[in-house]
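Chemist: Input: one structure, supplied below.
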């Protein structure tokens with residue numbers, strides 16, 4: 001049985017957001033083109049992920065490129081905890 005396409009697409013986007021966040025955290029401030037080169041994603045995909053991370057206030061735009069915010073750890077930890085709680089409800093069913 002295949003996972004619903006929308007769910008799978010959402011999981012892949014979330015994975016991309018995490019990967020791009022990690023690149024910004026390790027290399028920031030960093031521009032979109034360099035992120036695309038390092039991540040292997042297309043520029044429009046990088047731009048979308050940066051916008052999502054910016055909306056979550058985990059990263060910010062600077063004149064030198066994307067950089068993490070002062071509160072990134074607290075916000076990232078909350079998001080991680082929320083995802084962990086959500087996945088607990090969706091463990092594999094027992095036979």
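Chemist: Output the number of residues of the range 29-39 satisfying the condition of being touching a residue at least 24 places away in the same chain (Cβ under 8 Å) and under 15 Å from the mean Cα position of the chain (by Cα).
Modeler: Count: 2.
Chemist: Then there's this: Can you name the residue in the range 3-22 that is within 14 Å of residue 76 (Cβ to Cβ) and modelled with pLDDT of 85 or more and, of all such residues, is surrounded by the most Cβ atoms within 10 Å (Cβ to Cβ)?
Modeler: Filtering first and then ranking leaves 20.
The values are calculated or read from the model by the stated rules, or taken from the named source; none is laboratory data. Everything numeric in this text was worked out from a predicted model, so none of it was measured. So basically every Cβ, Gly included, is an ideal-geometry build from the backbone, and we count neighbours across all protein chains shown.
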